[in-house]
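Chemist: Starting off with a structure, shown below.
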Amino acid sequence: MHASLGTVLIVIAVIGALALVLEHRDRAVAVVALLAAGVEALIAFGVMSVSVKGLSLGLVLAGILAVCGAICWARSTGKTAVTAATLVTTVGALQVLFSLRVVG
């Protein structure tokens, strides 16, 4: 099995968002992060195909991950929630940078 960096980042985001849903008190933002990560995973693994003319869906989903992760991080107090929020924020920010071709 071959795993690219993008695939590994998506799996990390899904696991981190799931941990946020399970550990975070305010679950609304964590659920949005989990939905964005889940859609990314479905697209990456070829289960779902979505295209929107004139809109970079990868950039939008990555931005949602970064913002939701940052909000959860700011509101978190427990070690698990802080770690999961940090992972989700970092993955989202890296994906935004990759989408904008700043890095990679």
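The values are calculated or read from the model by the stated rules, or taken from the named source; none is laboratory data. Quick caveat, the model's predicted, so the values are computed rather than measured. No Cβ is skipped: glycine too gets one built from the backbone with ideal geometry, and neighbour counts run over all protein chains shown.
Chemist: Any chance you could count how many residues in the stretch 11-30 are of a type in the set (A, V, I, L, M, F, W, C) and over 11 Å from the mean Cα position of the chain (by Cα)? Step through it out loud before you land on a result.
Modeler: Let us first name the residues in the stretch 11-30 that are of a type in the set (A, V, I, L, M, F, W, C), namely 11-15, 17-22, 28-30.
Those left that are additionally over 11 Å from the mean Cα position of the chain (by Cα): 19-22, 28-29.
Count: 6.
Chemist: Which ones in the stretch 30-89 are of a type in the set (Ser, Thr, Tyr), surrounded by fewer than 21 Cβ atoms within 10 Å (Cβ to Cβ), modelled with pLDDT under 95 and out of contact with any Ser or Thr (no Cβ under 8 Å at 6 or more places or on another chain)? Even if it seems obvious, please write down each step before you answer.
Modeler: Our first condition is that a residue be of a type in the set (Ser, Thr, Tyr); within the stretch 30-89, this holds for 49, 51, 56, 76-77, 80, 83, 86, 89.
Next cut, surrounded by fewer than 21 Cβ atoms within 10 Å (Cβ to Cβ) only: 49, 51, 56, 77, 80, 83, 86.
This time we only want the ones that are modelled with pLDDT under 95, so: 49, 51, 56, 77, 80.
Of everything in the stretch 30-89, those that are of a type in the set (Ser, Thr, Tyr), surrounded by fewer than 21 Cβ atoms within 10 Å (Cβ to Cβ), modelled with pLDDT under 95 and out of contact with any Ser or Thr (no Cβ under 8 Å at 6 or more places or on another chain) turn out to be Ser49, Ser51, Thr77, Thr80.
Matching residues to (1) over 12 Å from Leu20 (Cβ atoms); (2) hydrophobic (A, V, I, L, M, F, W, C); (3) touching a residue at least 40 places away in the same chain (Cβ under 8 Å); (4) in contact with a helix residue (DSSP H, G or I) (Cβ under 7 Å, 6 or more places away or on another chain):
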site	(1), (2), (3), (4)
Val39	yes, yes, no, yes
Leu42	yes, yes, no, no
Gly46	yes, no, no, no
Val50	yes, yes, no, yes
Leu57	yes, yes, no, no
Lys79	yes, no, no, no
Ala84	no, yes, yes, yes
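Chemist: Here's a check for you: in the stretch 52-77, which residue that is assigned to a helix (DSSP H, G or I), over 12 Å from Asp26 (Cα atoms) and β-branched (Val, Ile, Thr) is nearest to the chain's Cα centre (by Cα)? If you could, list the steps in order and put the result at the bottom.
Modeler: We begin by selecting, within the stretch 52-77, every residue assigned to a helix (DSSP H, G or I); these are 57-75.
Right, trim to over 12 Å from Asp26 (Cα atoms) and you get 57-67, 69-70.
So of that shortlist, the ones also β-branched (Val, Ile, Thr) come out as 60, 64, 67.
Values: Val60: 11, Ile64: 7, Val67: 9 Å.
Applying the filter and picking the extreme gives Ile64.
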